[in-house]
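Colleague: Encoded as structure tokens, here's the structure I'll be asking about.
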Amino acid sequence: MVKARSGNMQIPDEETEAVEFKQGSVKPEQVARVVCAFLNSTGGTLYIGVADGGDIVGVKEPLERASILRHELQERLSPKALWSV
């Protein structure tokens, strides 16, 4: 099921093996752990700025956060893998 829409993106209403929600100030290490777990399984999507119930709570300074996460994931994940922020 889809609970919320953000622009043209639909956000599921619950977490699954392939869907993870994080809200608040998420550290790059936490994001890297989730991405690594997805890469070692069948893949998945991490939504940052979404509460456990699928409610959109947002991210402060999203462009800056995205830039930091891109850099940190490039540095932390090895071997290199396909992912997007």
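Each value in this text was obtained by applying a stated rule to the coordinates, not by laboratory testing. In this text the structure is predicted, and so the values were computed from the model without any measurement. Here Cβ is always computed from backbone atoms with ideal geometry, including for glycine, and neighbour counts include all displayed protein chains.
Colleague: On a full-extension model of 0.36 nm per residue, what is the gain between residue 33 and residue 66, subtracting their alpha-carbon distance, rounded to one decimal in nm?
Modeller: Gain on stretching residue 33 to residue 66: 10.2 nm.
Colleague: Starting from the Cα of residue 51, step 7 Å along the direction of its Cβ; do the same at residue 77; then give the gap between the two resulting points in nm.
Modeller: The answer from the label model is 2.9 nm.
Colleague: Separate question: Measure nothing fancy, just the Cα-based angle from helix 28-39's long axis to the longest principal axis of the chain, in degrees from 0 to 90, nearest 10.
Modeller: 90 degrees
Colleague: Treating the angle as unsigned and between 0 and 90°, give the value, to the nearest 10°, between the Cα long axis of helix 62-76 and the longest Cα principal axis of the chain.
Modeller: Around 40 degrees separate the two axes.
Colleague: Please compute the modelled spin-label separation between residue 84 and residue 25, points set 7 Å along Cα→Cβ, answer in nm with one decimal.
Modeller: According to this spin-label approximation, the distance is 3.0 nm.
Colleague: Moving on to the next point. How big is the antiparallel share of DSSP beta bridges in the chain, given as a percent to the nearest 5?
Modeller: 60 percent
Colleague: Which order do the peptides 75-85, 41-51, 25-35, 56-66 take when ranked by the mean count of other beta-carbon atoms within 10 Å per residue, highest first?
Modeller: So the order, starting with the most tightly packed, is 41-51, 25-35, 56-66, 75-85.
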